[in-house]
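Trainee: Pasting in a structure now, in structure tokens, and then I'll have a few things to ask.
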Amino acid sequence: MAYTVSRRRLLLGSAGAVALAGVAPMSACGGGDPTPGGSSREKVTVLTGAGFQGREAPLFVAQAQGWFAEEGLEVEVLQGKGSTENLKLLAAGQVEFATIDVNAGLIEYTRPGGIRDFVLTSVLHQRNLACFVAVTSRGVTVPSDLAGRRLSFLPGGINKLLFSTYAQLAGFDAGSVTWVANPVPAQHVPLLAARQVDAISQFVPAVDLVRETVGEEVTVLPFTDYLTDLHGSAIGVTTATAAGRPDLVRRFNRALLRGLRFAIDDPDTAGTIYAGRPETQGQQAQEATAELTRMAGYVTPVGDVPVGHFDPRRVARNVAILQGAGALGESGLSESDVDTVFAYDLVG
């Protein structure tokens, strides 16, 4: 069943999104939120997408520049475990905010018995970052070369969740591959270097690091070559937080998106800030800078919406692609479901 966006959502998410960026924050239900910029700061936690990678720098930039503090927030950045595990932790109330791949969220939402207690607010990547990376000299140069190969994956990550859809559109048998699970994002590149796998689940901004580590030319197979209108990661909250504490969500997003814009405009400084954090375990600034530089094209909006805002027309196309490929289960995703999952008015 094709999804068509309602006129109300279209107006709210496009032209209305620009206006929302300047709207004064609403008071949260219960009066528990501190005054932005005041002496009392509310402590909240946020999960990265998976581990600590250079593309997560906007969170640390917003910390370092004091933008979370200006919004009355003290934010602790925690190491994410992939979208599925992040959704579990979010729904269990272990964190207030989580980085969720939009498509992984939609697939989980429609899975029988899947998690439905989440709302997507701001979008960090307008285009999906997922890809597979292989060493070119080992015979992987086009997507069909992945057939019959050993591929690494992060349990709960988007690469494996979307693989059947990607393989179907690329014209090869998804069932022919052998999957090698590894829950530690940083360990996938060594697997490739040691020839324990033929290709690794990766994100496009990290390709330079892969090439440097293996010491050879690599083949990059982005999902967006076939899944052109799929979004990447977004910030998720529980339905209770979205309904009961909209001001908290807007303040968090407002500060984070300042960090995102800064990181794209000045990747050198953002990379230095990221590498200087104790959480990043001594990662090199130049590696983070390279990721952020590559990420710029994935952050820039496709249409006329501001950075960080969903365009309902692209949301509709994103949903239609997943539904057309049978990735959203038998019942699919109704228009009312989409209106529930995407909160266009909580961006900032």
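The values are calculated or read from the model by the stated rules, or taken from the named source; none is laboratory data. What you are looking at is a predicted structure, and each value in this text was computed from that prediction instead of being measured. Positions of Cβ are generated from backbone atoms using ideal geometry, with glycine treated the same way; all protein chains shown enter the neighbour counts. Protein only, heavy atoms only, side chains kept; ligands, DNA and RNA dropped before computing areas. Shrake-Rupley method; radii C 1.70, N 1.55, O 1.52, S 1.80 Å.
Trainee: Could you list, bin by bin from short to long, the percent of Cα-Cα pairs of segment 71-169 in 5 Å steps?
Mentor: Computed distribution, short to long bins: 2, 10, 19, 21, 16, 12, 9, 6, 3, 1, 0.
Trainee: Here is a follow-up. Quick check: convex hull of the Cα atoms in segment 143-218, volume per residue, rounded to a whole Å³?
Mentor: About 89 Å³ per residue, rounded to a whole number.
Trainee: Also, I was wondering about something else. Just want the answer: with Cβ charges of +1 for Lys and Arg and -1 for Asp and Glu, which residue in 140, 89, 129 is farthest toward the dipole's positive end in the chain?
Mentor: 89
Trainee: A further question follows. Could you identify which residue out of 168, 63, 323 has the top mean-square fluctuation in a GNM of the chain using Cα springs shorter than 10 Å?
Mentor: Of 168, 63, 323, the most mobile in the Gaussian network model is 168.
Trainee: Just from its helices, what would the mean residue ellipticity at 222 nm be for the chain, if runs of 4 or more DSSP H residues each count -39500 (n - 2.57) and the sum is divided by every residue, rounded to the nearest 500 deg cm²/dmol?
Mentor: Taking each H run of at least 4 residues, the total per residue is -11500 deg cm²/dmol.
Trainee: How big is the accessible area of residue 146 in square angstrom, nearest 10, if you roll a 1.4 angstrom probe over the protein chains?
Mentor: Here the accessible area works out near 0 Å².
Trainee: Here's a follow-up. Hey, can you grab everything whose amide H is under 5 Å from the amide H of residue 310? Only 5+ residues off in sequence or another chain; H modelled, so Pro and N-termini drop out.
Mentor: Distant-sequence amide H within range of residue 310: 123.
Trainee: Testing the spin-label approximation: label points 7 Å from Cα along Cα→Cβ at residue 261 and residue 220. State their distance in nm.
Mentor: 2.6
Trainee: Same structure, new question: Quick check: the angle from helix 158-170's long axis to the longest principal axis of the chain, C-alpha only, nearest 10 degrees?
Mentor: That helix lies at roughly 60 degrees to the long axis.
Trainee: Can you give the percent of C-alpha pairs in segment 235-300 whose distance is more than 13 Å?
Mentor: Percentage above 13 Å: 67.
Trainee: In whole percent, and with a 1.4 Å probe on the protein chains, what portion of the accessible area of the chain is carbon and sulfur?
Mentor: 51
Trainee: Considering the chain as a Gaussian network with a 10 Å cut-off on Cα pairs, which listed residue, 297, 215, 259, attains the greatest mean-square fluctuation?
Mentor: 215
Trainee: Label points 7 Å out from Cα along the Cβ direction at residue 173 and residue 339: separation in nm?
Mentor: 4.5
Trainee: Could you calculate, for segment 38-85, the ratio of the Cα radius of gyration to the Kirkwood radius, expressed as Rg to Rh?
Mentor: Here Rg/Rh amounts to 1.03.
Trainee: Only Lys, Arg, Asp and Glu count, each charged at its Cβ (+1, +1, -1, -1), so figure out the dipole size of the chain about its Cα centre, rounded to 20 debye.
Mentor: 380
Trainee: Related question: For residue 67, what accessible surface area do you get with a 1.4 Å probe? Give it in Å², rounded to 10.
Mentor: Answer for residue 67: close to 30 Å² accessible.
Trainee: Heavy-atom accessible area per residue, the chain, 1.4 Å probe: how many Å²?
Mentor: 39
Trainee: Continuing with the same structure: Using θ = phi - 60° and the Karplus curve 6.51 cos²θ - 1.76 cosθ + 1.60, what whole-Hz ³J(HN,Hα) does each residue of segment 102-109 get, with Gly and Pro shown as x?
Mentor: These are the phi-based 3J(HN,Hα) values: 4, 6, 4, x, 5, 5, 5, 4 Hz.
Trainee: Okay, moving on. Suppose R0 equals 35 Å; then what is the FRET efficiency for residue 325 and residue 212 from their Cβ-Cβ distance, rounded to the nearest 0.05?
Mentor: Once rounded, the FRET efficiency stands at 0.55.
Trainee: Comparing 70, 85, 216, which has the greatest mean-square fluctuation in the GNM of the chain with Cα pairs linked when under 10 Å apart?
Mentor: Checking each option, the largest mean-square fluctuation is seen for 216.
Trainee: What ³J(HN,Hα) values, in whole Hz, does the Karplus curve 6.51 cos²θ - 1.76 cosθ + 1.60 give for segment 193-198 when θ = phi - 60°, with x put for Gly and Pro?
Mentor: 4, 8, 6, 7, 9, 8
Trainee: Once you have the Kirkwood Rh of segment 100-230 from its Cα pairs, apply Stokes-Einstein at 10 °C and 1.306 mPa s and quote D in µm²/s.
Mentor: 104
Trainee: Could you name the lysines in cross-link range of residue 43, using Cα to Cα under 23 Å and dropping any fewer than eight places away on the same chain?
Mentor: Cross-link targets: 81, 88.
Trainee: Principal axes first, then extents: for the Cα atoms of segment 258-348, list largest minus smallest coordinate on each axis, whole Å, largest first.
Mentor: 46, 27, 21
Trainee: Could you order 43, 160, 81 by accessible surface area, starting with the largest, using a probe radius of 1.4 Å?
Mentor: Ranking 43, 160, 81 by accessible area, largest first, yields 43, 81, 160.
Trainee: In degrees from 0 to 90, rounded to the nearest 10, what is the angle of the helix 312-324 Cα long axis to the longest principal axis of the chain?
Mentor: Relative to the chain, helix 312-324 is tipped by roughly 40 degrees.
Trainee: Near residue 212, within a Cβ-to-Cβ distance under 15 Å, what is the net charge of the other residues, with Lys and Arg +1 and Asp and Glu -1?
Mentor: That sum, taken over residues with Cβ under 15 Å, equals -3.
Trainee: Next question, about the same structure. Based on the Cβ-Cβ distance of residue 117 and residue 194, what FRET efficiency does E = 1/(1 + (r/R0)^6) give at R0 = 30 Å, to the nearest 0.05?
Mentor: With a Förster radius of 30 Å, E is 0.15.
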